[in-house]
Amino acid sequence: MSAYSLGYAFVSNFFARPALMLFYRNVFVLHAKQVPGKGPVIFAPNHQNALMDALCILLTKNRQPVFVARADIFQKPIIIKILHFLRILPIYRKRDGVETSDNNQETFDILLKVLQHDRAVGIMPEGTHNKTKHLRVLQKGVFRFAMQAQEKYGDHPGVKIIPVGLEYSDTRKFRSDVLVNYGVAIEMSDYYQLYTENPNRCFKVLQDTLSEKMKAGMIDIENETYYDEIERIRVLYADKAMRKLNLPRNAENQLRAQQKIIASLQDLTKENPTMMDVLCGQIKEYVAILEKHNYRDWVVARQPYHLGGLVFRSLFSLIGIPFWLLGMLFNYVPYKLSDISSRKVKDPQFVSSVQFVAGMVLFPLYHLVMIILFAVFIPCIWGKFLMAILLIPFGLFAFKYYLSMKKLCARFRFWNAQKKNEPDILRAIDLRDKIFQSMDEIVM
């Protein structure tokens, strides 16, 4: 694994990377150019989404890093082969048994060899993944390993740790968004003298340094008491915050705006706890109403609705039915099988990882069958070619069409509820206005 693999590069560039771009609606990559193109580097991302965290780095930065993942997923032979091909090795934890921890030495020997060949590795410094958007205390093992590799270079530039911030709009949903935010490298030679004098002190300084740099590139909600409420407000108020802060609309500014929201709310908790209690009460009630009636925030945000506009949308949507049917025919079976396979996963943070890996296998096989059928039953050569290249676009259209129909139904239900002056709906509109008015005062 220490050598550059042409086979891996081919599969990555022409198969896995396009699959990632199809799996996610948007893959935003920030500051990738400041990552060194050569030399030993250790990618250190926050860990929210199981294998997808490693894949997002493997497939957005062409350094072919070797990652480590918890050993309990290395069970079935086919999974082991896939993970090894993706340059992911097992790491054993104490909970896996004292006797198994010795096996880590073999993995670390491989990683050390990779760095000695001026290549890249990836280590999750938090240790295990966590569903909350909060950076936990970093494990010191990554710094011991980094300095062990740095011994080859002494106090001369050598090994670098690259902080990476990962942010998912939803860790379990197909066609959600992901942000991969590469930070400024931490040069181990800057800390080598301290390492030779006091290793533990060096590890503590590096721990604080990396933690600070990782937090700067991700969503980090430290407040445990109001975590759910802050997380909800962060999402609801993000677009308004960008406009209020006069930030051009892009992925980096959206992250900055959301970090500003979180910081403002955490300050409010200390400075005006009464106001924070009131605000959190409002957001809890608002979310409860939405969940009770199966609405999303956008339904309230985009009201009022008019019957004429809804009828026009309905009639216009009829045009898409034939294309939706073709998309379903060409893609539903592998999509459904991938979804079913993910339902068996006990850990919710592994859902998208299973969907992605299953999809990478099932979709190409199913599409191959469809292409063979086109070749047999479509007489025109251009017709065969056209249908083959439209397999994936039709699938994406079908999925988007399905979502648009769900949204249209939600609009109709909300319009009907408004027409009847249902108390919950009127209350939701009022609560949202009050929440946004409070946030306008808080976010300066």
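The values are calculated or read from the model by the stated rules, or taken from the named source; none is laboratory data. Since the model is a prediction, treat every value here as computed from it, not as a measurement. Positions of Cβ are generated from backbone atoms using ideal geometry, with glycine treated the same way; all protein chains shown enter the neighbour counts. Quick note on the areas: whole protein, heavy atoms, side chains included, nothing else; ligands and nucleic acids left out. Shrake-Rupley method; radii C 1.70, N 1.55, O 1.52, S 1.80 Å.
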Apart from one, (1) part of a loop (DSSP other than H, G, I, E, B); (2) in contact with a Pro (Cβ under 6 Å, 6 or more places away or on another chain) all hold for PHE174; the odd one out is (2)
- prompt: Can you spot a residue in the range 193-210 that is without any contact (Cβ under 8 Å) to a residue 60 or more places away in the chain, surrounded by 21 or more Cβ atoms within 10 Å (Cβ to Cβ), in contact with a Gly (Cβ under 6 Å, 6 or more places away or on another chain) and not hydrophobic (A, V, I, L, M, F, W, C)?
  reply: no
Filtering the range 359-418 down to residues that are touching a helix residue (DSSP H, G or I) at 6+ places or on another chain (Cβ under 8 Å), among the aromatic types (Phe, Trp, Tyr) and either open to solvent by 60 Å² or more (accessible area, probe 1.4 Å) or not in a helix (DSSP H, G or I) (or both) yields PHE397, TYR402, PHE412
Residue hits (the range 422-444; at pLDDT below 95, surrounded by fewer than 15 Cβ atoms within 10 Å (Cβ to Cβ) and outside any helix (DSSP H, G or I)) are MET444
The residue that is nearest to GLN437 (Cα to Cα), considering only those in the range 211-242 that are open to solvent by 30 Å² or more (accessible area, probe 1.4 Å) and of a type in the set (A, V, I, L, M, F, W, C), is LEU236
Conditions (1) open to solvent by 20 Å² or more (accessible area, probe 1.4 Å); (2) over 29 Å from ASN26 (Cβ atoms); (3) in a helix (DSSP H, G or I) -> PRO304 fails only (3)
